[in-house]
Amino acid sequence: SSKTSRKSENRSISVRMFAVAHRLSSSRDIEHVIKVGFRVQAEHVVMYGMPSPSGVIRFTCIVGKRVHKGAVVRNRIQRRLREACKESMVAISSAYDIVVIAKKQHIQLMDMQELIHEITGGIQKMAL
């Protein structure tokens, strides 16, 4: 009985992801934004942004091995960054491609509201 209740609990958990239209997934597009786009440095992240040819806001979040060697921790940081980006999308007035790169491991210890504030501030500095 306890096994079935756990299974049903796991099925009810919903993972919020970017809609396909809001994902910047092509490595070619990501490299182009990094090379050509505006750069904004914050304490815990570096952000690159440029007008989107697709006509929609697209995000990607990158957490390299420099931040943490363990994949579990990197994935956790990446999920937090994605969630903060979703919350920060309201600060963007037009279609942009944005790449968010984690700089420090301490990002996992930050309060979510602080992380959202840092990303929103970076977006506003890009004058989007």
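The values are calculated or read from the model by the stated rules, or taken from the named source; none is laboratory data. None of these values were measured; they are calculated from a predicted model. Note that each Cβ is placed from the backbone with ideal geometry, even for glycine, and that neighbours are counted across all protein chains shown. In case anyone asks, the SASA skips ligands and DNA or RNA and just uses the protein heavy atoms, side chains included. Shrake-Rupley method; radii C 1.70, N 1.55, O 1.52, S 1.80 Å.
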### Query
Looking only at region 81-105, which residues have a backbone nitrogen under 17 Å from a spot 7 Å from the Cα of ASP111 in the C-beta direction?
84
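Please give the FRET efficiency for ALA95 paired with GLU43, using the beta carbon to beta carbon distance and R0 = 35 Å, rounded to the nearest 0.05. Intermediate values should be presented prior to the final figure.
On the way: r = 27 Å, r/R0 = 0.78.
Efficiency for this residue pair is about 0.80.
With every protein chain present, what is the per residue accessible area of region 48-128 (1.4 Å probe, Å²)?
Here the residues of region 48-128 average 52 Å² of exposed surface.
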